[in-house]
Each structure stands twice: as C-alpha cells, then as structure tokens.
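Comments concern the structure below.
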Amino acid sequence: MQQAKLFEFDGLLAGVDEAGRGPLAGPVVASAVVLDPAAPIVGLADSKKISAQRRDILAVEIKHRALAWSVAWADAAEIDAINILAATMLAMRRAILGLVLTPGKVQIDGNRLPNLRFDQTVIHGEAIIGGDDIIPAISAASIIAKTTRDTMMLELDKIYPNYEFARHKGYGTEIHRQKLQTFGPCIQHRRSFAPVRAAST
C-alpha cells in the first residue's frame with residue numbers, strides 16, 4: 001500500500017470551526033476558511049461573543065476577502081445515525097474538502113481532529129481549545145458556520161412554523177421544549193437527543 005504523504009506546513013493555513021452541536025434540531029454546520037495574510041480582517045473573534053448584526057457584517061467581509069472559504073454540514077438524520085461528535089467531524093471534513101485551495105495545515109477549534117486523510121495525502125492538523133477566540137482563521141470559520149446555520153434555521157422556520165426555529169435556532173430553550181411536547185418532533189429534530197426522544201413517546 002502506498003504510504004500517505006504528510007504535507008509540510010507551507011504557510012497556507014485553514015481555520016475550521018462548527019456551529020450547532022448542542023441544539024435539539026437542525027444540522028451541525030462547519031466552515032473552513034483560508035485568510036489572506038496580506039488583507040487582515042479587523043474584529044474577528046468567537047462568533048458567540050459577537051452580536052448577530054456584527055456577525056453578518058463580518059461574514060460578508062470574510063467571504064469577500066478570504067483566499068478561500070467553504071461551508072458544509074451534517075443533517076439531523078446523519079447526527080442520529082452516527083452520533084453528534086462523529087457528525088461534527090464529518091461536517092468539518094466536508095468543509096475542508098470544499099476548499100478550492102489545499103491548505104498545508106488546518107487549525108481546528110476544540111480537542112479533536114477530523115479525518116485529514118484525503119486520497120494519498122494527509123493534511124497536518126492542530127486542535128486548539130478556545131481557538132475560535134485566539135486564531136483569526138478559526139474565528140472566521142466560526143462566524144461563517146454560525147451565520148450559515150442561523151440562515152438555515154430561518155428557512156426551516158418557514159417550513160415548520162409550529163416550532164419557532166427562527167426564535168431559538170433549534171436550541172433546547174423552554175419555548176422549544178414546550179413546542180416539542182405539544183407537536184412532537186419533526187424530521188429536523190435529533191431523535192437521538194434525550195429531550196426529543198422523550199417527546200416522541
């Protein structure tokens with residue numbers, strides 16, 4: 001068997017992060033971003049620490065100025081089939097695959113790495129706890145993932161208005177749990193999550 005080649009870090013860095021691991025409904029979304037070192041973006045930070053309005057502004061700037069960016073997800077059915085951790089890793093891998101440029105290294109928020117073997121190449125990876133607040137490329141990925149997922153949940157709200165997804169984005173808020181008890185889960189709910197499973201019985 002041919003041994004996979006390990007890329008040496010050549011300066012092309014991709015930051016990777018996800019949004020939506022905790023919600024009871026909707027996809028888990030990941031993004032990969034390769035920033036342009038010659039065009040730094042001011043104000044990048046963990047998406048959770050930025051207002052929705054500021055996130056939207058930064059997302060447009062990131063998409064316009066980054067050397068490459070990609071977004072991908074795993075849906076509720078995939079989450080139920082393989083568990084949320086595996087689905088998160090799958091979404092991250094899909095986001096990296098979606099980049100039009102192959103990075104020499106990926107830095108990922110958290111303490112785990114997805115499968116970074118692509119055909120006969122292995123991309124070097126580094127997992128950084130709290131990376132979304134200290135590594136600009138990861139911050140950018142955090143913002144793209146969060147804004148993309150929020151938009152997806154707004155669209156799902158139009159299809160499933162009973163659950164008010166636009167209001168809570170699928171997270172287990174009191175109003176969401178009340179809606180689950182009243183209407184039961186829809187196809188977008190993660191049935192492997194205990195509150196959804198309880199509402200199914």
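The values are calculated or read from the model by the stated rules, or taken from the named source; none is laboratory data. Every value quoted in this text rests on a predicted model; they were computed, and no experiment measured them. Cβ atoms come from the backbone with ideal geometry, glycine included; neighbour counts cover every protein chain shown.
Points worth noting:
- Pick from segment 114-145, criterion touching a Leu at 6+ places or on another chain (Cβ under 7 Å) and assigned to a helix (DSSP H, G or I), ranking: surrounded by the fewest Cβ atoms within 10 Å (Cβ to Cβ): P136
- In segment 23-38, residue surrounded by the most Cβ atoms within 10 Å (Cβ to Cβ) [restricted to those that are among the small types (G, A, S) and over 12 Å from A137 (Cα atoms)]: A30
- N115 vs. criteria more than 30 Å from E164 (Cα to Cα) and in contact with a Lys or Arg (Cβ under 7 Å, 6 or more places away or on another chain): yes
- Of all residues making up segment 157-201, the number that are assigned to a loop (DSSP other than H, G, I, E, B), touching a His at 6+ places or on another chain (Cβ under 9 Å) and farther than 25 Å from K48 by Cα: 0
- Yes/no for G104 being closer than 26 Å to A38 by Cα, touching a Leu at 6+ places or on another chain (Cβ under 7 Å) and without any contact (Cβ under 8 Å) to a residue 60 or more places away in the chain: no
Per-residue answers, yes or no, for (1) in contact with an Asp or Glu (Cβ under 6 Å, 6 or more places away or on another chain); (2) within 19 Å of H124 (Cβ to Cβ):
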residue: P40; (1), (2): no, no
residue: G43; (1), (2): no, no
residue: L67; (1), (2): yes, yes
residue: D75; (1), (2): no, no
residue: N83; (1), (2): no, no
residue: L90; (1), (2): no, no
residue: A95; (1), (2): no, yes
residue: L101; (1), (2): no, yes
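- Residue selected from segment 3-22 under the condition surrounded by 14 or more Cβ atoms within 10 Å (Cβ to Cβ) and outside any loop (DSSP other than H, G, I, E, B), by the criterion modelled with the lowest pLDDT: L13
- Counting only helices (runs of 4 or more DSSP H) that sit completely within segment 48-109, those holding 3 or more residues that are basic (K, R) correspond to 52-65.
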